[in-house]
Each structure stands twice: as structure tokens, then as C-alpha cells.
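Accompanying notes for the structure given below.
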Amino acid sequence: MGDEDNSLISIPQAILDRLTRVDMPKVRSVAKSEEMIEVAGVSIPVYECETLVLGSGAAGMRAAVELKRRGVDVLVASTGLFAGTSACSGSDKQTLYTTSTDYKGDNFVSYAEGLCSGGAMNFSTAYIEAVGSVDALGGLLYMGLPLPHDENGAILRYQTDHDEAGRATSCGPRTSKLMVKVLFEEAITLGMRILPSCSVIRILKHSIDGTEQVYGAIALHRDEERNAYGMIFIECTQIVIATGGPGELYRDSVYPRHCHGGLGLALEAGLELCNLTESQFGIGTPRTKFPWNLSGTYVQVMPRVYSVDQDGGEHNFLAAYYRNTREMVSNTFRKGYQWPFHSTRMLDYQSSLFDLAVFLEQQANRKVYLDFLNNPEPVNEGESFSLDDLDPDVRAYLENTEALFDRPIDRLRQMNPLAIELYRMHGTNLEQEPLEFTMNNQHMNGGILIDDWGRTSLRGCYAVGEAAGSHGVTRPGGAALNSGQVFGKRVAVAIKRSRKPHRKQSINTTSLSNVLAEHLEKAERFAGNTDGISAKEVQTEIQARMSNHAGILCNLDDVSLARKEATELRKKIEQRGIRAVSESTVGASFRWQQMALVSEAVLRALEYYISHGGGSRGARAICSEQGTQCPEAHRKDLSRYRFIAERETDRDEKLVVSFIEDTIKVSAIPVERAPNPERQFFEKGWGPYLLKEG
Ligand SMILES: Cc1cc2nc3c(=O)[nH]c(=O)nc-3n(C[C@H](O)[C@H](O)[C@H](O)COP(=O)(O)OP(=O)(O)OC[C@H]3O[C@@H](n4cnc5c(N)ncnc54)[C@H](O)[C@@H]3O)c2cc1C
């Protein structure tokens, strides 16, 4: 033991259970609508609302609650009520990034500068997220989110990725699930109308005075038996897309299963997307087992990291990368708050060299493990791991958290017992066995292009949460959850302000019947099609292509070839369709057709970016023999991974992607990153505010 005064803190099991085994409230579906529209001899039920929210993750539910509180008639339609990333994902301390009440408080301008520092994000959006985080947090606390605070009432904080100020906070491994829980409880109290097991497959729009405007959506509702496909029509004047990220894009992924997101839906509806080149990749347990991020304390306790080859041989593989034990373990520790892979952190023996090493072990068909029962093995002979030989930031952290215990498992129990509990719940006892992990795709920073009120390029259509392209190239851990909460409220304010007295829309019934007939025909074609490609084949092809060619290491030739193959797959699907095993499972065919389009759009954006001279940034290293930067390793030649440096000017634009006339188009729009918040004097701002609120 490094410090004799330390003693293990024991948290009662009931408390650990409450924060890890989260019970979700019972939700009643809205009553079946008796209103029908007859199309080609098929009865299609019709639902009505003012605003339709697609998705019931933390972002969608925040939008729904804020809308309902403002008196808007909302309907939430969701594929899986507690199925998305918010309800099913996490890490050691799943993070919410909000303005800090700790010590002397915070500074919104430096918060915003941090958010948009990686580029491709407007300062205005970042500033809105910084200021809005006060309200985002306040609302969640009011609804009962159990965030820890000190005796002064200041929420406890720590440092996360891309976070210079320590703005992170957490309820433990399941922060976002707890957010969904309290938001659902609030929604139920407010009498929210909810359609569970209901997937929207098409956004409908019509032209009013020459401008396209949302008027409804076609959905497949699993509990609907009045037609073979469960098809329904939902009439509405606004749609909030809160369908989460495209988690099914990659084979090597830490998203929960069945996260398709709504980017395909958006592209098909003609919406503009942005920043599709920007994602996050990092270490976690694979989705074939229990998809979970291994950030924070899981690595800050410095477990032994090793790989096992196909003959069962164990390898202390990090020793080939780092020059000495202290450097290796200190960078293992730093993965805690430098969790996402970042190309420049591969240089100078920093923490993303760890990611590269894990990725290359995986490519060599070796399995990689964290062993919490033993300390790391030495890099050089006679250089054993010692708590007295750590980089100063590492040593200070362990001292401050009073975790200077001999074994990693004891350090983990002291720093975060919930982290152990979580894996126990999911079948791995870290106190007895090692934990297999891999490099995975984790987050889409890009998405549907929105303005600072969450408005998309289609009138009446809004986007929030991971579906929205609100982030830039980098984002602090926890900023995703905050963004969903801030924009959840922003869209509600915008919708309330633009609201007209609700009156029946004038919908052209012939064009409605035509579009419904078109989707019935498509469903029929999927269901009765023995010649179609199977959804499994489409899934395997897309996911392999994305993981093999659009992961952390990319190059132009590879990406271009992958993009061409993705276009071919889309065309093949258009010709042959995707086979559905039965009429009630045509939803998967619609979803995989949309995923094929999304994968092509991501690859097209990457191809455009690299071929226009874009360099390595965020989650990806753009490898090339012409690159000026090259990672080095202690006993390994990494010259194959020479990469092109980031070009400063690329930070000042966003790449916008749209699907027009059967082609994916990419163009660049400028972003304004200079700090420009205007001080508003109370008396000057009050009047305009009152007029806008009505
Ligand atoms: C392992 C992991 C760890 C993470 N850790 C953090 C963290 O610490 N901090 C942080 O800020 N972020 C983190 N993230 C990211 C964050 O969890 C997500 O960005 C966020 O939860 C997304 O919330 P959402 O409401 O936008 O989407 P989701 O929670 O994914 O919800 C989407 C909803 O839409 C529904 N849906 C999808 N398609 C349709 C459709 N066509 N029609 C109707 N409904 C549909 C789904 O069923 C679901 O209910 C993590 C992500 C992962 C995978």
C-alpha cells in the first residue's frame, strides 16, 4: 500500500443497486385511433397532434416535456421507449457536461470557446449550450436527477475529455438512463401522449406559398393490427427528430443494438446534414458482449493491459509502444479523461498511442484485456510498476481521491464501486476475472444541420440530441447529453413562439393517398420478395465496410473505393429490395435501406474532405506517404501510419451533405468561431422578449 492512512470506503449494496439497476416507469400507450384513411383497399389509422417528437431518449423526452409544459399538443412516437443510447449506454461515470457551480464558478465564454475549439462549430451554438446548461441541469435536478453535491450545494465535478475546467458531473455509470427515467416520470405526470413501438419511416411535406413544410409522417406501429404492416399516418404541423445516432453503421461499435437513428429518414426527406466526417472512437467492451465505455476510473486505476494470441500466448503489447513503465501507465491513466482517439495524441508517446496499439492488436487477431487484479508489467527489465513512480498529474489524482492502494481492483473500489457493480450485473466479476475490450465507434458528432433554435432546412422540422449535427470536430465528454437537453428546451421555445392557433391543416388528400400507396407498395415488395437481399446481408456489408475503411485510420484510395461500393449497394437495394421474413417485419427493410444511404453519405463526406486536402482531426488520422506527422513507438515501426496534419482553415467551415436527384452532394459553409456574445441590457431586451413570448 502506498499510503497507510487510506481505508476502503464501503457503500451499502442498496445504494449501488439504486444507481445501477434503474427501474423505469410503466408507460401507457395512447388509445387506438378510430379515424381511418382508406388507400388501395387498406385501412390506415390516422393520429393527430400539433408536434410529433420522434424518439424517447433523453433529448426527445426533454423536448416533449418542455413542449407539453408550454401547452403544445405533443405526441411522442418511439421505436423503443427505453431502447436508445440514453437508456442503454454508459461508462464508469457517465458524464453530463454543464457549467460548474464548483468553487468560484464558471465562465460562459471560456466554456463556449472550449466547445468549439476543434472547429466546424459556430461560437453562437457553443455559447447557447454553455448558458443553457444552467437551465438544463436545473430542470433535471428539479425532476429528481440524483447528482451528487457538496454541503454547500455545489454539484461535484471532475475533468473529462477536451475539458480544461473540470465541468463534468455524473450520477454514476447510468446517468443518461436516470435522465430518461426522471423525464418519463415528468412526462407521465404531465399526461404526455406516447406511441411506443412506433417507427417513423417517412416525413411528409407539402408546399405552402412556395415553401416546403412538414404536414405529417408515416410510421409502422408494432401494436397496430388493422393492416398487415401496422402502417399509420400521423398528421402534425411540426416534427422534432430525436432519433439518436446511427449506431448500426459500424461492426466495431459500443452503441447498444438497434440504434439506427434518423439520418436516412432525414436525407430521404431532403434535409441537409452536416459534419458527417466527425465521430468518436475509443475503448470499450464490444457490443457482442455488453457495450460499455472504458473511460474514467476503469483506466485511471491502471490495470494490467495485455493481449492473447490465437495460440493462447499472453503479450504485454504496450511495452512495444511506450519507452518505460512510468510512461506506459501514466498514459493508460490519461485514457480516463482523454478517452476518444485523437490523431495528434498518437504523437510523442501520448495517450492515443494506446488506442493505436489496441487497434493493431485487434487487427492481428489478438484479444485485448484489462486485468484489475494485477498491476501493469514492466516495459524494461527491473522497472516494476510503482505508485511512487508516476507522472505528477497521475500521482496527484490518486492522492486526491485517496486511492493509493496496492491493486487496481482496490483502487477501483475506492474511486468508483459502481463501476465494479455494473459489470457484475452484466456477467463479469472484475474482482475475479479480466475484461475483454476493443476499439469502437461510439458517437456521431455530425447529423442534421440545425440553426441555433434547432430548426432544420425543412420548415416545421426540428432536430435535437445525437440526431442533430450540433457538435464540432471535438466535444468534451458529457456535451452530447447537455446539447440534447439545451436544444430540447430551445425547440420548445421556438415552436411555442411560432405557434398559430391550431386549426385543421389543408392537406391535399390525393397526394397523401399517393404517398401512402407508394409506401404500401414498397412494404408489399419487401414482404413478398424472395429475390431481395436479406437485411442481414446488407447489415454485414455496411458494417464491415465502415469499420474496415472509415475507422480511426483512413486514406483516400480506401475511402473512395468504399464510397463507390456503398453507392452500388444503394442502387442494388433500389432494384432488388430488402427481403422481409414477414409482413410485420418490413420495418427492418425500411431501416436498412436508410442505413445504406447514411453509410454512403458518411463515406461521400469523407471522400470530399480528404480529396479537398483535409487533414487528420478529431477521430481520424488521414494516412498518406506525403503526411508530415508520424507516430513513433519504442520497439515498433509505425511509419505505415504517417498522416497528414490538420489544415487550420478547415476549422472555419462545416461540410453540408444532401441527397438530391439520386446523388449525395457535399458543399462547405463557413462557421464563425470568434467569441461574440453581446451584452443585453435588461430594459432594452425586456420588451422584445415579451413580444416574442406573446
Ligand atoms: C457507450 C456510450 C457512452 C456514452 N457516454 C456519454 C457520456 O458520458 N456523456 C455524454 O454526453 N454522452 C455520452 N454518450 C452519447 C450519448 O449517450 C448519446 O449521444 C445520447 O444519449 C443520445 O440521446 P438521444 O436522445 O439523442 O438519442 P437516444 O437516446 O439514442 O434515443 C433515440 C430514440 O429514438 C428512437 N428512434 C430511432 N429511430 C426512430 C424512428 N425512425 N422513429 C421513432 N423513433 C425512433 C429510439 O428507439 C430511441 O428511443 C455515450 C454513448 C455511448 C454509446
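Taking the conditions exactly as written (under 30 Å from residue 121 (Cα atoms) and not assigned by TED's automatic domain parsing to the domain that holds residue 241), does residue 450 satisfy them or not? The answer is no for residue 450.
Taking (1) surrounded by 21 or more Cβ atoms within 10 Å (Cβ to Cβ); (2) among the polar types (S, T, N, Q); (3) assigned to a loop (DSSP other than H, G, I, E, B) in turn, residue 176 satisfies each apart from (3).
Quick check on segment 516-559: of everything there that is among the aliphatic types (A, V, I, L, M) and surrounded by fewer than 18 Cβ atoms within 10 Å (Cβ to Cβ), which residue is nearest to residue 444 (Cα to Cα)? Residue satisfying both the conditions and the ranking: 544. Pairing each residue of segment 567-584 that is in the same structural domain as residue 598 (by TED's automatic domain parsing) with any residue that is surrounded by fewer than 18 Cβ atoms within 10 Å (Cβ to Cβ) and of a type in the set (Gly, Ala, Ser), provided the two are 6+ apart or on different chains, yields C-beta distances under 7 Å for 579/534; 583/228.
From the list 72, 22, the one residue that fits, being of a type outside the set (Phe, Trp, Tyr) and either modelled with pLDDT of 95 or more or in contact with a strand residue (DSSP E or B) (Cβ under 6 Å, 6 or more places away or on another chain) (or both), is 72.
Has segment 485-505 got at least one residue that is part of a helix (DSSP H, G or I) and more than 30 Å from residue 115 (Cβ to Cβ)? No. The residue pairs whose first member lies in segment 312-325 and is outside the structural domain of residue 375 (by TED's automatic domain parsing), whose second member is in a loop (DSSP other than H, G, I, E, B) and at pLDDT below 95, and whose beta carbons are closer than 8 Å, counting only pairs six or more residues apart or on different chains, do not exist in this structure.
Select, from 366, 395, the only residue that is in contact with a Ser or Thr (Cβ under 6 Å, 6 or more places away or on another chain), among the basic types (Lys, Arg) and modelled with pLDDT of 95 or more. Checking each option against the conditions leaves just 366. Taking the listed residues 642, 620, the one that is in contact with an Asp or Glu (Cβ under 8 Å, 6 or more places away or on another chain), of a type in the set (Lys, Arg) and either modelled with pLDDT of 95 or more or crowded, with 20+ Cβ neighbours inside 10 Å (or both) is 642, with no other qualifying. Taken over segment 259-278, the criterion of being more than 11 Å from the ligand (Cβ to nearest atom) and either within 15 Å of residue 462 (Cβ to Cβ) or not in a helix (DSSP H, G or I) (or both) is satisfied by 269, 270, 271, 272, 273, 274, 275, 276, 277, 278. Quick one: how many residues across segment 210-225 are away from the ligand (no atom under 16 Å from the Cβ), surrounded by fewer than 16 Cβ atoms within 10 Å (Cβ to Cβ) and not polar (S, T, N, Q)? Going through segment 210-225 one residue at a time, the tally reaches 2. The set of residues from segment 456-471 being assigned to a loop (DSSP other than H, G, I, E, B), more than 9 Å from the ligand (Cβ to nearest atom) and under 23 Å from residue 482 (Cβ atoms) comprises 456, 469, 470, 471. Here residue 288 fulfils each of the conditions (1) among the hydroxyl-bearing types (Ser, Thr, Tyr); (2) at pLDDT below 95; (3) under 18 Å from residue 59 (Cα atoms) apart from (3). Note on segment 80-112: among residues that are touching a helix residue (DSSP H, G or I) at 6+ places or on another chain (Cβ under 8 Å) and among the β-branched types (Val, Ile, Thr), the one that is farthest from the ligand (Cβ to nearest atom) is 109.
Taking every residue in segment 476-493 that is at negative phi and modelled with pLDDT under 95 and pairing it with any residue that is part of a helix (DSSP H, G or I) and more than 10 Å from the ligand (Cβ to nearest atom), at least 6 positions away or on another chain, the pairs with Cβ-Cβ distances below 8 Å are 476/114; 476/115.
The values are calculated or read from the model by the stated rules, or taken from the named source; none is laboratory data. These figures come from a predicted structure and were not determined experimentally. Ideal geometry is used to build each Cβ from the backbone, glycine not excepted, and the neighbour counts take in all protein chains shown.
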